[in-house]
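Student: Dropping a structure here in structure tokens format, bear with me for questions.
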Amino acid sequence: MKKIMLLFYFAFLGLVACSDDPEPTIIDPTLPQGTFNVLRMGDFMDQNGAGSTGSVSLGVDSEGHQFLQFGSSFNTALATGTVTVFLSTSDTFMADPANGNPDLLAMGVVRNSGTNYFLIPSGVSTDKYTHVILWCGSVGIPFGNALLN
């Protein structure tokens with residue numbers, strides 16, 4: 001009797017384990033979901049010989065999340081490893097570490113050339129920001145900026 005119960009148990013496990021359930025869909029919250037609608041865009045202007053080129057777009061995905069998107073042709077000098085992306089109210093980086101700077105919004109560090117996405121924090125209005133700045137913190141100079149139109 002025990003052998004028959006064991007046989008049924010393993011048969012049941014085999015049926016359950018071999019089901020045709022599709023692989024689960026993994027959603028990456030750092031990437032736009034669905035359609036990405038561009039609200040404003042611009043092209044990077046190189047500064048200090050960093051080779052900054054390519055396009056940048058500010059947009060919203062199908063779920064209402066805002067993102068900053070660097071186009072596939074984006075490039076800049078990445079050897080320092082500290083190229084930080086900022087939304088700004090001007091083309092000039094003016095840090096004020098003691099008080100914070102309401103005219104700058106840090107988006108993150110650029111990790112690679114080509115397409116990059118930066119999720120804009122929920123509840124942050126981007127209306128006042130007119131520029132995107134590439135700032136190299138290790139040498140304290142701008143690598144480029146783009147006017148968002």
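The values are calculated or read from the model by the stated rules, or taken from the named source; none is laboratory data. All figures in this text were calculated on a predicted structure; none of them were measured in a lab. Using ideal geometry, Cβ is built from the backbone for each residue, glycine included, and neighbour counts are taken over all protein chains shown.
Student: For the stretch 38-72, give me the residue count where each residue is assigned to a strand (DSSP E or B) and more than 15 Å from the chain's Cα centre (by Cα).
Tutor: The number of residues fulfilling the criteria is 8.
Student: Within the stretch 25-55, which residues are over 14 Å from Gln69 (Cβ atoms), among the hydrophobic types (A, V, I, L, M, F, W, C) and surrounded by 16 or more Cβ atoms within 10 Å (Cβ to Cβ)?
Tutor: Answer for the stretch 25-55, where residues must be over 14 Å from Gln69 (Cβ atoms), among the hydrophobic types (A, V, I, L, M, F, W, C) and surrounded by 16 or more Cβ atoms within 10 Å (Cβ to Cβ): just Ala50.
Yes/no matrix, rows are residues, columns are (1) among the small types (Gly, Ala, Ser); (2) modelled with pLDDT under 95; (3) under 19 Å from Leu147 (Cβ atoms); (4) out of contact with any strand residue (DSSP E or B) (no Cβ under 8 Å at 6 or more places or on another chain):
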position: Ser19; (1), (2), (3), (4): yes, yes, no, yes
position: Met45; (1), (2), (3), (4): no, no, yes, no
position: Gly54; (1), (2), (3), (4): yes, no, yes, no
position: Ala77; (1), (2), (3), (4): yes, no, no, no
position: Ser88; (1), (2), (3), (4): yes, no, yes, no
position: Gly100; (1), (2), (3), (4): yes, yes, no, yes
position: Tyr117; (1), (2), (3), (4): no, no, no, no
position: Asp127; (1), (2), (3), (4): no, no, yes, yes
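Student: Restricting to the stretch 107-130, name every residue that is under 19 Å from Ala77 (Cα atoms) and either in a strand (DSSP E or B) or hydroxyl-bearing (Ser, Thr, Tyr) (or both).
Tutor: Once the filter is applied, which keeps residues that are under 19 Å from Ala77 (Cα atoms) and either in a strand (DSSP E or B) or hydroxyl-bearing (Ser, Thr, Tyr) (or both), the stretch 107-130 yields Met107, Gly108, Val109, Ser113, Thr115, Asn116, Tyr117, Phe118.
Student: Only one of these is assigned to a loop (DSSP other than H, G, I, E, B), closer than 18 Å to Gly51 by Cα and touching a residue at least 12 places away in the same chain (Cβ under 8 Å): Thr80, Thr84. Name it.
Tutor: Being assigned to a loop (DSSP other than H, G, I, E, B), closer than 18 Å to Gly51 by Cα and touching a residue at least 12 places away in the same chain (Cβ under 8 Å) holds for just one of Thr80, Thr84, which is Thr80.
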